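In what follows, a structure is listed as structure tokens, so that the remarks can point back to it.
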């Protein structure tokens, strides 16, 4: 206890005591990662690492592509219990870059191809770097990354760049396939053979892979969301589902 001197209204000294400040002990670690995608991504990419789980866990990374970025959820298994080890976003385009085919719209054919090729190369590099960095964070926390899962699309015809740029809806389709494809390639670049599930029926396919009903899987994923906190929307749920399926298959 620390004493300090005060006086009353007559000027007589009065001894008072001040309690020591309480030391706050965090329940778990939650921090933001400075991503290459700039302030927008850094603000949205609150990484939730379950540091209070001191036991080493087998872990899997689940990935869902969005335009220019990917949703990442890492799940750890301890016996029959599942834990959210990380929930984050990683950039698939550098700061200031726009959706590749939309950015090339209106350019001369040669310039359009150069622009698109440059963006695709950046996306491949950032996907591999992001998966490698997430794996390193999990390993540093004492976990063993056993698997990686990626949500994929239906594919598309072998259109040329000119044919894609000629029809606006094709640009959206091509960009969707591009960002999903670079996540698969990025996992392989990190030495992983990713398990893939169709994005349109991800939760149904994950339930089958886990030997569970869809209702059972929904309940478990909802419980993981309560553990992780917001944001826990459709993207995070589907990324968690493919991580769980990958972990089961590992």
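The values are calculated or read from the model by the stated rules, or taken from the named source; none is laboratory data. Because the structure is predicted, anything quoted here is derived from the model rather than measured. For neighbour counting, all protein chains shown are included, and Cβ atoms are generated from backbone atoms with ideal geometry for every residue, glycine included.
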For region 215-230, give me each residue that is within 22 Å of residue 152 (Cα to Cα) and under 16 Å from the mean Cα position of the chain (by Cα). 221
Taking residue 47 and the conditions (1) assigned to a loop (DSSP other than H, G, I, E, B); (2) at pLDDT below 95, which numbered condition does it fall short on, given that it satisfies the others? (1)
Selected residue (only one of 187, 174 is in contact (Cβ under 8 Å) with a residue 40 or more places away in the chain and closer than 14 Å to residue 131 by Cα): 187
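Right, residue 212: modelled with pLDDT of 95 or more, farther than 15 Å from residue 151 by Cβ, over 14 Å from the mean Cα position of the chain (by Cα) and assigned to a loop (DSSP other than H, G, I, E, B) or not?
So residue 212 passes the test.
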Residue 72 versus (1) closer than 21 Å to residue 172 by Cα; (2) at pLDDT 95 or above: which is the lone unmet condition? (1)
Give region 155-172 a look and list any residue that's surrounded by fewer than 19 Cβ atoms within 10 Å (Cβ to Cβ) and assigned to a helix (DSSP H, G or I), or say none. 161, 162, 163, 168, 169, 170, 172
Test residue 223 against the stated conditions and say whether it is touching a strand residue (DSSP E or B) at 6+ places or on another chain (Cβ under 9 Å) and buried (at least 18 other Cβ atoms within 10 Å of the Cβ). no
How many residues does region 99-126 hold that are assigned to a loop (DSSP other than H, G, I, E, B) and within 20 Å of the chain's Cα centre (by Cα)? 1
Taking region 73-92, which residues are assigned to a strand (DSSP E or B) and more than 23 Å from residue 219 (Cβ to Cβ)? 88, 89, 90, 91
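Kindly indicate which of 146, 188, 192 is at pLDDT 95 or above, over 15 Å from residue 65 (Cα atoms), assigned to a helix (DSSP H, G or I) and under 19 Å from the mean Cα position of the chain (by Cα).
188
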Checked against (1) surrounded by 17 or more Cβ atoms within 10 Å (Cβ to Cβ); (2) under 14 Å from the mean Cα position of the chain (by Cα); (3) within 23 Å of residue 99 (Cα to Cα), residue 178 satisfies every condition except (2)
Filter result (touching a strand residue (DSSP E or B) at 6+ places or on another chain (Cβ under 9 Å), in contact (Cβ under 8 Å) with a residue 40 or more places away in the chain and surrounded by fewer than 20 Cβ atoms within 10 Å (Cβ to Cβ)) within region 134-148: 137, 144, 146
